[in-house]
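The values are calculated or read from the model by the stated rules, or taken from the named source; none is laboratory data. Every value quoted in this text rests on a predicted model; they were computed, and no experiment measured them. Note that each Cβ is placed from the backbone with ideal geometry, even for glycine, and that neighbours are counted across all protein chains shown.
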Amino acid sequence: MLKDEVNLMLKDKVAFITGSTRGIGWATAKVFAQQGAKLIINGHSDQNLLDQRVAEIKNTYGVECTGILCDVSDTPALKTCYQDIFKLHKRLDILVNNAGILHDALLGMISSEDIERSFKVNAISVLENLQQAARLMSRHNNGAIVNVASIIAVRGNAGQSLYAASKSAVLGLTLAAAKELAPQGIRVNAVAPGLIDTDLVQALPPQIITERLTGVRMGRIGSPEEVANAILFLSSDLASYVTGQVLGVDGGIII
């Protein structure tokens, strides 16, 4: 059972986290559960893994948790997802736009298929999620949206033009949406993680990781939990007067 429930930062808040069966999304789900949130977690293809994650959240933290299998780049499926959230909770307090993909390629070697898929998942789905979430949040004139961007969107990096472009779109969306939704009591912020120990980084050749670490002033790879804690802050009432901000979680990286 959860202890000291009076002081839980997200007690009874309804939170939807996209791409939350692995990496930063899964770390965020656990941090939110520790703080008393009612969770909707999401995966796009593996029902068994999603069911395992839901069971782990319920058994470990004793909070309400629902899993929704949905490819966030599938617009009709995403609309159904939000209809299910409304039927279940009649509200949404927090959205974390975390789902994303990475295609590294040099300019001249980027396929049109990768361009379309990257923008659909990394940018367009973020906009569509934001629109759906804002409709629910505006019913109560309150809400927090956190978009997971990347330090690459801020600094750029050779071989990652496609990823940088798609994540840069997220930053522009964050700034514009924050201004538009503020009068409705909805805050919109972003985090820009650097080199974080996720499946995406673990898939890189060791020499590439070593090279990238030379630019991290803190001298180490960050953990998903460190990004999750930043997302928690922006989602909580501790950030009640914070909107339109991009919080770097990068260990002082220089690219």
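At a glance:
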{"item": "Failed condition for Leu92, given (1) in a helix (DSSP H, G or I); (2) touching a strand residue (DSSP E or B) at 6+ places or on another chain (Cβ under 7 Å)", "result": "(1)"}
{"item": "Number of the condition not met by Leu204 [criteria: (1) exposed (fewer than 14 other Cβ atoms within 10 Å of the Cβ); (2) over 19 Å from the mean Cα position of the chain (by Cα); (3) without any contact (Cβ under 8 Å) to a residue 12 or more places away in the chain]", "result": "(1)"}
{"item": "Test: residue in segment 151-164 that is of a type in the set (Val, Ile, Thr), under 28 Å from Thr80 (Cβ atoms), within 16 Å of the chain's Cα centre (by Cα) and in a helix (DSSP H, G or I)", "result": "no"}
{"item": "Qualifying positions in segment 207-236 - charged (D, E, K, R), touching a strand residue (DSSP E or B) at 6+ places or on another chain (Cβ under 9 Å) and either surrounded by 18 or more Cβ atoms within 10 Å (Cβ to Cβ) or part of a helix (DSSP H, G or I) (or both)", "result": "Arg212, Glu226"}
{"item": "Boolean, Gly172 is surrounded by fewer than 19 Cβ atoms within 10 Å (Cβ to Cβ), more than 13 Å from the chain's Cα centre (by Cα), without any contact (Cβ under 8 Å) to a residue 60 or more places away in the chain and in a helix (DSSP H, G or I)", "result": "yes"}
{"item": "Some residue of segment 72-84 being of a type outside the set (S, T, N, Q) and within 21 Å of Ser150 (Cβ to Cβ)", "result": "yes"}
{"item": "Those residues of segment 111-133 which are surrounded by 14 or more Cβ atoms within 10 Å (Cβ to Cβ) and over 16 Å from the mean Cα position of the chain (by Cα), in sequence order", "result": "Asp114, Ile115, Arg117"}
{"item": "One residue from Ile196, Ile151, Ile124, Ile110 being among the β-branched types (Val, Ile, Thr) and either farther than 21 Å from Ser20 by Cα or free of Cβ contacts under 8 Å to residues at least 12 places away in the same chain (or both)", "result": "Ile110"}
{"item": "Given (1) under 23 Å from Ile101 (Cβ atoms); (2) at pLDDT 95 or above; (3) touching a Leu at 6+ places or on another chain (Cβ under 6 Å); (4) of a type outside the set (S, T, N, Q), number of the condition Ala169 does not satisfy", "result": "(3)"}
{"item": "Failed item in (1) more than 21 Å from Ser20 (Cα to Cα); (2) of a type in the set (S, T, N, Q); (3) at pLDDT below 95; (4) surrounded by 13 or more Cβ atoms within 10 Å (Cβ to Cβ), with Gln245 passing the rest", "result": "(3)"}
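Residue-wise test of (1) of a type outside the set (Phe, Trp, Tyr); (2) loosely packed, with under 15 Cβ neighbours inside 10 Å; (3) within 26 Å of Gly194 (Cα to Cα).
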residue	(1), (2), (3)
Thr28	yes, no, yes
Gln35	yes, no, yes
Lys38	yes, no, no
Gln47	yes, yes, no
Glu64	yes, no, no
Gly67	yes, no, no
Cys70	yes, no, no
Ile85	yes, no, no
Met109	yes, yes, yes
